[in-house]
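Bear in mind that the values in this text are calculations on the coordinates, not laboratory data. Fair warning: this is a prediction, and the values are worked out from it, not measured in the lab. Using ideal geometry, Cβ is built from the backbone for each residue, glycine included, and neighbour counts are taken over all protein chains shown.
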Amino acid sequence: MDHHDEKSNLMESLLHHALGESSNENDARVDQVMAKIRTEEQIIDSVNRPSGTTVPRRAGWPWIAIAAGLLIALGFLPWSGTDDTAVAALSKMQMAESLPMIREYTVQLETRDAAGVIHRRVLTLYVRNREFAIRTPALFGPDEVWLGGNGDQRWIVPSRGPVMVGQAELFQRWERRREFLEVPFYSMAVLLEQMARAYELEFLSDPDASSEVLHVVATKKKNRKSLLPDNIECWSNSEHQFVHQLEGIWNRANSKQGWLTINFEFKGFPGVSESIFDHSHHHDSVRTVVDRRNSK
């Protein structure tokens, strides 16, 4: 996915957030605005970009200004129920996901099983835009499991047995049966898109933090049923504006099993190979690979 597609996904998610409940009429309005935005972007590219040259990733901000103008002109902004400053802060975090550097996060996950026992797990997450790779200890023994992919495809390298490769939808069914990963979401870019669509947002000003740090609190809309946390709080990196820390909480009854909390903490730029997002990086060449990308 190139940076034009990334920006389109960002603006489309903000449009859906602005309109709230999905309907054929609202979907048509979103399509209308997106068509206008893409037309304007093509005009600017043809005027400002010499033949044979490329535009830096950060050059996308004028596009956002054009999009905002169209939103206001067509009556999308301002919208009720959400702090406009928080929407702007979240959009900056989303745009920062297009940075080419691979980032490393420590992920702490807390779950409750059917017997009421609480389990805590620590995982390592590597992300770059919509690409991700997760290292997690196997449920039994000293081995580890790797999972990765992007917004459309996934792969799993278990500690033993065949490597699985397939579409995201197929793996969502497969993961529920295996249950050794228990991770509710993977790509930070996808999570931020869901926050823009399904949450009411509030911007908080931290008096003890740098003025460059963005702090957003998100509360899931009551009519939204999903696996995402009921409440999310996130802080940006002061230099690049990507997510530096994120905390999620599920409001579950004491006896109900499932995810309870999740915490992402940025650890740095690990300097790992780009192949970390490919399953072959995590197993030898003789390992059996089951490719289900064409399966129904």
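Per-structure values
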read-out	value
T124-R160 FRET efficiency (beta carbon distance; Förster radius 30 Å; 0.05 resolution)	0.90
Proximal charge balance of V127 [Cβ under 12 Å; K/R count +1, D/E count -1]	+1
Estimated inter-spin distance, S238 and E212, nm [label 7 Å along Cα→Cβ]	0.8 nm
Cβ-Cβ FRET estimate between V117 and E265, R0 fixed at 25 Å, reported to 0.05	0.50
Amide H within-cut-off set for N237, under 5 Å, with H built and near neighbours excluded	F242, V243, H244
From phi via Karplus (6.51, -1.76, 1.60), per-residue ³J(HN,Hα) for the stretch 126-135 in Hz, x at Gly/Pro	10, 9, 8, 6, 8, 7, 8, 8, 10, 10
Computed FRET value (nearest 0.05) for D230 with R287, which takes r as the C-beta separation and R₀ as 41 Å	0.55
Spatial extent of the stretch 188-296: Rg and Dmax, with the Cα atoms as the point set, Å	18.4, 56
